[in-house]
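Each value in this text was obtained by applying a stated rule to the coordinates, not by laboratory testing. Given the structure is predicted, the values throughout are model-derived calculations rather than measurements. Every residue, glycine among them, receives a Cβ derived from its backbone with ideal geometry; neighbour counts consider all protein chains shown.
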Amino acid sequence: MGLASECTQWAHDKCWQLMRPKVMWHLLRRYMASRLHSLRLCGYLSAGSQAPQLSPALMRALGQKCPNLQRLCLHRADLSMVPVTSLPCTLRTLELHSCEIPMAWLLKGQDPTVLPLLECLVLDRVPAFRDEHLQGLMCFRALRSLVLGGTYRVTEAGLDASLQELSYLQRLEVLGCALSADSTLLAISRHLRDVRKIRLTVTGLSAAGLSVLEGMPALESLCLQAPRGTLEMLSPAEIISSCRTMPKLGVLELQGLEWEGPEAERILCQGLPHCLVIIRACPKESTDWWL
C-alpha cells in the first residue's frame, strides 16, 4: 500500500492520532478531505515561545478542506493568537485539554454565528478559563453538553449566574474545580430543570446538598466522583432517599466509595430496583476525569 492509500485509509472516518502543526499542514494539503470527521491535534505549549504553534490560518484551512469535521480535540495548544472565529464552523464537539486561551476568547455578546452547531464543549485543565468565559458560552445556542475539569477560576457565583442563561444544557460535568458540590447542585436544581446527566466531584457534598435534586424530572444519570474517603459522609439510606424521587433516574454511579464490604452496594441496589448502580474506585489520575 502506497503513502497516499495509507493516508486515505487513516483519515477515512476518524483520526485519533496526535498530530503536530507541521505534519498537519502536509496532510491537509495532500490527503485530508470530506471523509475526516474527528481529529486530535497537539500543540507545543511547553516548548517555549519560539516553538511552532497552531495558527488561525491552519484552523481556517481545516474548515475549508474538511467540511464534515465534527469533533476537534486540542491538546497542550497555545490559542492566544487563534480566535474562536477561526475554528471550523461545522464542529459539534470541541475539547480543550491543557490549553491556553486569551481573556477575549469567549466573552458575553460575541457573534452568535460562531460555531453554530456546537453541542459539546470539554474544558480540561484550561487555567485561564473563568466566569467571564463561562458567561460567553450562552452564544452557543446548540450547546447541550458542558464539561468543566479543573477550571479552578470559575466561582460559585459565576456558575450560578451562567447556568441561568444556559438552562438548555442536558449534560453537565463539574470535576476537580474549586466549587463545593452543594453549591453546584443548588445551581443545577435552580436553572437546569431539563438536565439528563450530572457528573461532579463531591467535595463539600452533604445529604442536604444532594436533596436539592429531589424530583428533578428529566435526570437519567447521576455520577458522584469522590477523592478517597469523601463519600463517607453520605449513607446508603440518604442516597436512596434522594434518588427515589427522581422519576427517570436509570444510572447511579459512585466513584471513590469507602464503605466497607459489599453491603452498601446491596442496600443501594435493593433500594433503587429500577436503577443501575455502579460502584468504582476513584480515578488514579486527574486525566481520567472525562472518561
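Is it the case that ARG193 is buried (at least 18 other Cβ atoms within 10 Å of the Cβ) and among the basic types (Lys, Arg)?
no
On inspection, LEU254 does not qualify as in contact with a helix residue (DSSP H, G or I) (Cβ under 9 Å, 6 or more places away or on another chain) and under 29 Å from PHE140 (Cβ atoms).
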